[in-house]
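Input: a single structure, listed below in structure tokens.
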Amino acid sequence: MEIVLISLLNGFVYGMLLFMLASGLTLIFSMMGVLNFAHASIYMLGAYAAFDVTRLIGFWAALIVAPVLCGAIGAAIEIYGLRRVHHNGHIAELLFTFGLFFIFERGVQMIWGMLPVPYRVPPLLDFALFRVYGSNFPAYRGFMLLISGGMLLSIWLLLTRTRIGLIIQAALTHPNMVSSLGHNVPRVFTTVFAGGCFLAGLAGVIGGNYQITEPTMASALGPIVFVVVVFGGLGSLMGCFIASIIMGMIQTFSVIIDGSIADLVKGFGVSIPSDNLLGEILNVPGSRVGPLLPYALMILMLLVRPRGLMGNRDT
């Protein structure tokens, strides 16, 4: 029971971190049709920027400066990059962001080196918030939940209760009509892209010291973010949130599962030998299969419901 409860808490924290990344990407993907491979790289830049700003003027300043810097980088990418290659089609956009991914990764390696940097939790939040069955739950993880929960509420209020939110949602499905009404649709696209990068940078600030700030952090987290976007559904904030929590739980619980399907059926008196291919697969421990489950669920979702869990249009 202790392991289950602690894993639930850790899975929820990790899921909310995924949501901070995926929420911006799902809006960018659904509105602009851009599969931004460099989105997780912005998360990485946010973590490294926070590391430097923290050393200079403190963590709390980094919580503002680093996301704003990432948002400005996102705006520059959209204006001077994506907007120029847009007329060449989605393949050109995909290749452009794919190239940016490698540029950012190599740039980080050249500036900060190949090894992880000592980006630490701020001393003010470096204590146990409460104890669960003798295990401490860090206050910083509670802070992460507070920030991500506040971000979820802010995005929901922005999209559903403000005029700019209504314009964004309209441009999502009817850009020509929005343009006919006198709104600058390219500027809306830039705002959304910059906003998504701002959220990715914010996730980097609070996630960089929760995990490890290193040059490979973008390639480690990027694929699972795309799984969340596809599984949750394009244009659905709630679908993105639910998918993030599901994937966070799967990735957390898969680490603690030592048994296999063969062990499970053995309890019913069925023995599965491992002297053939199928038997070997069924005898693989869950901890080794677990990392593949999110991708298997994504494939299943595409086969059963291409628009995703709560999406309003087909992928």
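Quick check on residue 247: is it among the hydrophobic types (A, V, I, L, M, F, W, C), crowded, with 20+ Cβ neighbours inside 10 Å, modelled with pLDDT of 90 or more and more than 14 Å from residue 295 (Cβ to Cβ)?
On the way: among the hydrophobic types (A, V, I, L, M, F, W, C): yes; crowded, with 20+ Cβ neighbours inside 10 Å: yes; modelled with pLDDT of 90 or more: yes; more than 14 Å from residue 295 (Cβ to Cβ): no.
So residue 247 fails the test.
Is there a residue in the range 48-64 that is of a type in the set (Val, Ile, Thr), out of contact with any Phe, Trp or Tyr (no Cβ under 6 Å at 6 or more places or on another chain), free of Cβ contacts under 8 Å to residues at least 24 places away in the same chain and closer than 15 Å to residue 198 by Cα? Quick ask: steps written out before the conclusion?
Applying the first criterion (of a type in the set (Val, Ile, Thr)) to the range 48-64 yields 53-54, 57, 64.
Next, only the ones that are out of contact with any Phe, Trp or Tyr (no Cβ under 6 Å at 6 or more places or on another chain) stay: 53-54, 57, 64.
Okay, now just the ones that are also free of Cβ contacts under 8 Å to residues at least 24 places away in the same chain, so 53, 57, 64.
With the extra rule that they be closer than 15 Å to residue 198 by Cα, the set shrinks to 64.
Yes, the range 48-64 has at least one match.
When residue 105 is evaluated against the numbered criteria (1) over 29 Å from residue 165 (Cα atoms); (2) modelled with pLDDT of 95 or more, which criterion, by number, is the only one it fails?
With (1) over 29 Å from residue 165 (Cα atoms); (2) modelled with pLDDT of 95 or more applied to residue 105, the lone miss is (2).
With the structure loaded, tell me whether residue 149 is touching a residue at least 24 places away in the same chain (Cβ under 8 Å), in contact with a Phe, Trp or Tyr (Cβ under 9 Å, 6 or more places away or on another chain) and not in a loop (DSSP other than H, G, I, E, B) or whether it fails that test.
Taking the combined requirement at face value, the residue does not satisfy it.
List pairs: first residue in the range 84-111 and more than 21 Å from residue 214 (Cβ to Cβ), second residue of a type in the set (Gly, Ala, Ser) and in a helix (DSSP H, G or I) anywhere in the structure, Cβ distance under 8 angstrom, at least six positions apart or on different chains.
85/92; 86/92; 96/81
I'm told residue 53 meets every condition in (1) within 24 Å of residue 130 (Cβ to Cβ); (2) among the aliphatic types (A, V, I, L, M); (3) surrounded by fewer than 21 Cβ atoms within 10 Å (Cβ to Cβ) except one. Can you identify the failing condition by its number?
(1)
Of the residues 117, 108, 121, which single one is farther than 18 Å from residue 6 by Cα, touching a strand residue (DSSP E or B) at 6+ places or on another chain (Cβ under 8 Å) and either not in a strand (DSSP E or B) or not acidic (Asp, Glu) (or both)?
On the way: 117 fails: touching a strand residue (DSSP E or B) at 6+ places or on another chain (Cβ under 8 Å); 108 fails: touching a strand residue (DSSP E or B) at 6+ places or on another chain (Cβ under 8 Å).
Just one listed residue meets the conditions, 121.
Kindly indicate which of 13, 4 is out of contact with any His (no Cβ under 6 Å at 6 or more places or on another chain), part of a helix (DSSP H, G or I), at pLDDT 85 or above and surrounded by fewer than 24 Cβ atoms within 10 Å (Cβ to Cβ). Give the derivation first.
Working: 4 fails: at pLDDT 85 or above.
Only one candidate passes the filter, namely 13.
Given (1) surrounded by 20 or more Cβ atoms within 10 Å (Cβ to Cβ); (2) under 21 Å from residue 155 (Cα atoms); (3) at pLDDT below 90, where does residue 33 come up short, assuming only one miss?
Only one criterion is unmet by residue 33, namely (1).
Consider residue 137 carefully, then state whether it is in contact (Cβ under 8 Å) with a residue 24 or more places away in the chain and part of a strand (DSSP E or B).
Values: in contact (Cβ under 8 Å) with a residue 24 or more places away in the chain: yes; part of a strand (DSSP E or B): yes.
It is true that residue 137 is in contact (Cβ under 8 Å) with a residue 24 or more places away in the chain and part of a strand (DSSP E or B).
The values are calculated or read from the model by the stated rules, or taken from the named source; none is laboratory data. Model, not experiment: these values are computed from the prediction. Note that each Cβ is placed from the backbone with ideal geometry, even for glycine, and that neighbours are counted across all protein chains shown.
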